[in-house]
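Below is one structure, written out as C-alpha cells; comments come after it.
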Amino acid sequence: MDELAEDLELLPATRRALRHRIAVAQSAGRAPSVVAAVVRGGEVVWEGSRTSVEGHGPDGNVQYRIGSISKTFTAVLVLRLRDEGLLSLADPLERHLPGTGAGEVTIAQLLAHTGGLAAETPGPWWERTPGDLRPELADVLGAEPFKHTPGHRHHYSNPGYTLLGSLVEALRGRPWEEVLRSEVLEPLGLSRTGGAPQAPNAGGWAVHPWADVMMPEPLEDLGLMAPAGQLWSTTRDLARFADFLLRGDERVLSAESVREMRTAAAPPEPGFADIGYGLGMQLMVQGERRLAGHSGSLPGFVAGLWLSEADDVAAVVLANCTSGLPAATVAADLVAIVADAEPRFPEPWKPFRESERVPLELCGPWYWGTSAQVVRLKSDGSLELAPLGGTGRSARFRPEADGSWTGLSGYYAGETLRAVRGEDGSVSHLDLASFVFTREPYDAGAPVPGGVDPQGWRGIG
C-alpha cells in the first residue's frame, strides 16, 4: 500500500466510532433507514447504513430526497453566471428578472437570505402540496413578499431561492433542472442526482411521535419551488459534491468561487450564535472547528452535508423520516470523529525554488504606529501579515502582476498592500489601505499620517 492510500484508510477504531454514531442516530431517531458517507482527501473513506428492515440496508447508491441541500446546487448555477460576466452579485433582481414585485433585492441578498423575503409561500404548505398550486412567481411571493427591509438581517427564505432558480432560467433560456444537469451534475459525474426519484430509492415516512408506527408521506413535484428543495441524491453523489465544494472544479466553479460560497455573507440569526450563512451554504462552528455545508428536509426525509476545510473531511447523512433524526448534527459529528481521531497530516514544508525571485526586503518586523507586526513570505507565493504579539489583525495576501498584494482574509480582505520604494530603490514603507507600516515605530523618514513629532522619542521631563 502506498503512503497516500495508507493515510486515507481509516483506522478500525475510527470506523467503529462512525458505525456506532449512525447506529445511535437511527435507533434514537426512530428512522426507517439512515445511510452515511465520509470523504477525506478527495476519496470516500467510509460508508455505512442502518435500517429497520432485518438483513437489508441501503448503500451509497440509494436515492433519498435532500431538501434544502438543493439550494447549494442552485447557488452554484448563480455563481457560474457571475463568473461568466452575465451578472453581478450586487445587481438588483429587477435588472435580469423584471416584474416580480421583489426586484429591489440584490442577487447576493437572495443567495445569503438577507433579502427580507418571507420564509414560506402563502397558501397551503408548499412542501406537502403539488407545485401546480403555485404556477406563477406571484403565487410563490404573494401580495406582500417582504417581512423585513432588504439587507438588514438574515431571514431564511425558500421563495428567495425560487427567484434564483427563475433567474437561472431567464438568463440561460432553459429549465432550471436542465441547466443543472448540463452545467453541474454531468461534469461532476453526479448521475444519481435529479429532480425525480430513480430506483433504487427510499420511500419517505412519518413516524408517530408516541408509538412505533409509520405512515407514508406524499412525494410532490414542487414546481417553481424546485430550486429550493426538489432534488433527490445519494451519499456517493453528495460525497463527490462535498469534495467539489472544498476544492472547486474548473469545469464548474473555480476553487476561489467555492471558497466565496463558504465565506460568511450574512450574520447568524438571533438566538443562533454559532450559525451563519455564506452564498448558498450554511456555516457553523463546532467547538473550534469551522464547518460549511447545508441541512435539508422535506416530508419523509432529512439530510445533512458538512465539510471542514482545515481537516479536509466531509460527511453526508441521509434518512427517510420526517423528523426525529437530526441528520445535519450527525453529519457534523462524523466529521469530528474522523478529524479528531485521525488529524490531517500537514503538507511538507518546501522552500522557494532557486529560480524564483524572493522579495526578502518585505520580510521581517514592521510597525504600524507602535504596534509590532511581522511579514512572512510563503513558498506558494503568498504573504502573511500578523501581529508579533499574537493578537490583532492577521491576513494573507496574494501577489499581483503589478507587484502589489491583495488581501485574502480578515480585516484586509480585498485591500491592496504596496511596497513603496525610495529614490535609491529600497523599500521605504508598506502602504495598506491607508495604513503606513515602517521599519521603526513612527519612522520620521516615512510619510506617517499626521507626521512625527520633530523632537522624537523621549522620557518624562
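The values are calculated or read from the model by the stated rules, or taken from the named source; none is laboratory data. Given the structure is predicted, the values throughout are model-derived calculations rather than measurements. As a convention, Cβ positions derive from the backbone with ideal geometry for all residues, glycine included, and neighbour counts pool all protein chains shown.
In table form, for the structure just shown:
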{"read-out": "Verdict on Thr51 being touching a His at 6+ places or on another chain (Cβ under 6 Å) and hydroxyl-bearing (Ser, Thr, Tyr)", "value": "no"}
{"read-out": "Sole exception among (1) in a helix (DSSP H, G or I); (2) in contact with a strand residue (DSSP E or B) (Cβ under 6 Å, 6 or more places away or on another chain) for Thr406, by number", "value": "(1)"}
{"read-out": "Any pair with Cβ under 6 angstrom, 6 or more apart, that starts in the stretch 396-409 at a residue that is touching a residue at least 40 places away in the same chain (Cβ under 8 Å) and more than 14 Å from Asp431 (Cβ to Cβ) and ends at one that is crowded, with 16+ Cβ neighbours inside 10 Å and not charged (D, E, K, R)", "value": "none"}
{"read-out": "Residue in the stretch 295-306 that is modelled with pLDDT under 95, in the same structural domain as Ala202 (by TED's automatic domain parsing) and in contact with a Pro (Cβ under 9 Å, 6 or more places away or on another chain) present", "value": "no"}
{"read-out": "Test result for Ser355, surrounded by fewer than 21 Cβ atoms within 10 Å (Cβ to Cβ) and farther than 30 Å from Pro216 by Cα", "value": "yes"}
{"read-out": "Members of the stretch 146-158 that are on the phi < 0 side of the Ramachandran plot and out of contact with any Pro (no Cβ under 7 Å at 6 or more places or on another chain)", "value": "Phe146, Lys147, His148, Thr149, Pro150, His152, Arg153, His155, Tyr156, Ser157, Asn158"}
{"read-out": "Output for the stretch 34-44, where each listed residue is touching a residue at least 60 places away in the same chain (Cβ under 8 Å) and surrounded by fewer than 23 Cβ atoms within 10 Å (Cβ to Cβ)", "value": "Gly41, Gly42, Val44"}
{"read-out": "Contacts under 6 angstrom Cβ, first residue in the stretch 350-364 being within 24 Å of Leu432 (Cβ to Cβ) and in contact (Cβ under 8 Å) with a residue 24 or more places away in the chain, partner assigned to a loop (DSSP other than H, G, I, E, B) and of a type outside the set (D, E, K, R), 6 or more apart", "value": "Phe352/Val358; Phe352/Ser379"}
{"read-out": "Selection status of Glu440, charged (D, E, K, R) and either at positive phi or touching a residue at least 40 places away in the same chain (Cβ under 8 Å) (or both)", "value": "yes"}
{"read-out": "Among (1) in a helix (DSSP H, G or I); (2) surrounded by 15 or more Cβ atoms within 10 Å (Cβ to Cβ) - the single one Ala170 does not satisfy", "value": "(2)"}
{"read-out": "Verdict on Leu137 being at pLDDT 95 or above and under 17 Å from Leu279 (Cβ atoms)", "value": "no"}
{"read-out": "Evaluation of Gly422 against (1) more than 30 Å from Val258 (Cα to Cα); (2) touching a Gly at 6+ places or on another chain (Cβ under 9 Å); (3) surrounded by 14 or more Cβ atoms within 10 Å (Cβ to Cβ) (one fails), failing number", "value": "(3)"}
{"read-out": "The lone exception for Trp306 - which of (1) surrounded by 24 or more Cβ atoms within 10 Å (Cβ to Cβ); (2) within 16 Å of the chain's Cα centre (by Cα); (3) part of a loop (DSSP other than H, G, I, E, B); (4) not small (Gly, Ala, Ser) it fails", "value": "(3)"}
{"read-out": "Tally, over the stretch 319-344, of residues that are among the aliphatic types (A, V, I, L, M) and either outside any helix (DSSP H, G or I) or under 14 Å from Gln282 (Cβ atoms) (or both)", "value": "7"}
{"read-out": "Out of Arg240, Arg247, sole residue that is of a type in the set (Lys, Arg), within 23 Å of Trp306 (Cβ to Cβ) and surrounded by 15 or more Cβ atoms within 10 Å (Cβ to Cβ)", "value": "Arg240"}
{"read-out": "Within the stretch 173-262, helices (runs of 4 or more DSSP H) holding 2 or more residues that are touching a Ser or Thr at 6+ places or on another chain (Cβ under 6 Å) and closer than 18 Å to Tyr161 by Cα", "value": "226-229"}
{"read-out": "Some residue of the stretch 410-418 being of a type in the set (Lys, Arg), in a loop (DSSP other than H, G, I, E, B) and under 18 Å from Glu361 (Cα atoms)", "value": "no"}
{"read-out": "Condition broken by Val44, with the remaining ones in (1) in a helix (DSSP H, G or I); (2) of a type in the set (A, V, I, L, M); (3) farther than 25 Å from Arg128 by Cα satisfied", "value": "(1)"}
{"read-out": "Residue tally, condition part of a loop (DSSP other than H, G, I, E, B) and either touching a residue at least 24 places away in the same chain (Cβ under 8 Å) or at negative phi (or both), over the stretch 47-76", "value": "13"}
{"read-out": "Complete set of residues in the stretch 120-145 that are of a type outside the set (Lys, Arg), surrounded by fewer than 17 Cβ atoms within 10 Å (Cβ to Cβ) and outside any loop (DSSP other than H, G, I, E, B)", "value": "Asp132, Leu133, Ala138"}
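Conditions tested, residue by residue: (1) in a helix (DSSP H, G or I); (2) among the aliphatic types (A, V, I, L, M); (3) farther than 18 Å from Pro227 by Cβ; (4) touching a helix residue (DSSP H, G or I) at 6+ places or on another chain (Cβ under 9 Å).
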position: Ala13; (1), (2), (3), (4): yes, yes, yes, yes
position: Arg16; (1), (2), (3), (4): yes, no, yes, no
position: Val78; (1), (2), (3), (4): yes, yes, no, yes
position: Thr100; (1), (2), (3), (4): no, no, no, yes
position: Gln109; (1), (2), (3), (4): yes, no, no, yes
